[in-house]
């Protein structure tokens, strides 16, 4: 990150505005001197505001709290508390961000192989450095071929990290399509059945579009008043980014399928927290 001119910011743990997500979770909030504050689900809105404040390339090692439903208890890859390497690059396209992440993943795996050879041997894990460019799959083609569970099935078949793109996403991700008719978003998927590593996309930045999408999704604009004020003032900028799951990355590199076994105090959806 530092060699590429990407500036590190400190994480935000409480905020009146946070990522609404595209799936249902329990809300985690507190009252503090009359203000309702939420536990950070992701720093996507803060990243866009940071770019509006004059920064151009940023990353955060961000603790996230998502009070997931118990239906995700047995996936082996979901945590209630987890960390993300959250990145946002001003004026970047989908392709530019994907290239950036491929370079980063190759760097991570190369360094782990070199610096942690003894630990990998103890785990019986053989890592191979993936070749660039990574494979790219279009989501509707995969769904037609494998059904709704296409991510798991294609992940089990592949031997190196790859991309799936073209999804309908949250209000802050671009809804228009590129010249080939695809949405400007992407998921990075680990192979060998380890599944999603990163989710991201190019961002909306124009007020009218963001306000309309909130209305279409029946979301109260008041929940995002400060974010909307930046958009209305024309301060938000075109950008692309995403969040790489730290525990999921360690899970893949160690070859350990149960995410509870690679974190000291795992919080698994639906399970009792002991300490």
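Taking 57, 70, 218 in turn, the Gaussian network model of the chain (Cα-Cα springs below 10 Å) assigns the largest fluctuation to 218.
Between residue 212 and residue 22, the contour length at 0.36 nm per residue exceeds the alpha carbon distance by 66.7 nm. What residues from the stretch 176-197 fall in the zone where the backbone N is under 16 Å from a label point 7 Å along the Cα-to-C-beta line of residue 113? The answer is 191, whose backbone nitrogens lie closer than 16 Å to the label point.
Would you please calculate the Kirkwood hydrodynamic radius of the chain over all C-alpha pairs and express it in Å, rounded to one decimal? Answer for the chain: a Kirkwood hydrodynamic radius of 19.7 Å. Distance between the 7 Å Cα→Cβ label points at residue 157 and residue 106: 2.5 nm.
Considering Cα pairs under 8 angstrom that are at least six residues apart, work out the relative contact order of the chain and quote it in whole percent. Relative contact order, the chain: 22 percent.
Using only Cα atoms, tell me the angle between helix 94-115 and the longest principal axis of the chain; keep it within 0 to 90° and round to the nearest 10. Its long axis makes an angle of about 40 degrees. Restricting attention to the stretch 2-262, close to 85% of DSSP beta bridges with both partner residues there are antiparallel. In this label model, residue 222 and residue 15 are separated by 2.1 nm, measuring between points 7 Å along each Cα→Cβ vector. Highest GNM mean-square fluctuation among 137, 33, 172, for the chain modelled with Cα contacts below 10 Å: 33. Quote to one decimal, in nm, the extra length available between residue 258 and residue 4 on full extension: 0.36 nm per residue of separation minus the C-alpha distance between them. Once the chain is fully extended between residue 258 and residue 4, it gains 88.1 nm.
Any read-out appearing in this document is the output of simple, stated calculations on the displayed coordinates, not a laboratory observation. No experiment lies behind these values; they were computed from the predicted model shown. Neighbour counts run over all protein chains shown; Cβ positions are idealised from the backbone, glycine included.
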